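To keep things clear, I will list the structure first and then write my remarks on it.
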Amino acid sequence: MAAFAEQWQAIVDAEAPDWSHLGLELRLADSERTEEAVVVVGPLNPWRRDDDYREGILRFRAARTAGYGAAAQLVAERLRQLDGRGIEGTLRVIRAVDAARLVSTQGPTF
């Protein structure tokens, strides 16, 4: 299983150069480590639906330069911290917004 930091870099590399916001799902290999993972990724403002935490699923948003979501650099750092603790799993994009211009709006909503 690839490290979270590597998965994040692969996601960023695969996105359009003008990506604006990403909705991401982090699925832990070991759901028993969910609480520990939540503490590490807390600054990313993860959210859940129904029994997601019990299943080891965390969702959060990332923003490339502006808008709603954690800064891409913060996402990279928090995922490196998960890797450093030996927490494994998969990271995938569940929503992507490209070329959003936050001129007279609060930004996209998911």
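Every number here is computed from the coordinates shown, using simple stated rules; none is lab data. Remember, predicted model here, so these are calculated numbers, not experimental data.
Data table
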{"read-out": "Estimated Rh, the range 4-98: Kirkwood, alpha-carbon pairs, angstrom", "value": "13.2"}
{"read-out": "Residues with amide H under 5 Å from that of GLY89, placed H, sequence gap 5 or more", "value": "ALA29"}
{"read-out": "Along each principal axis, Cα extent of the range 5-45, largest first, Å", "value": "36, 19, 13"}
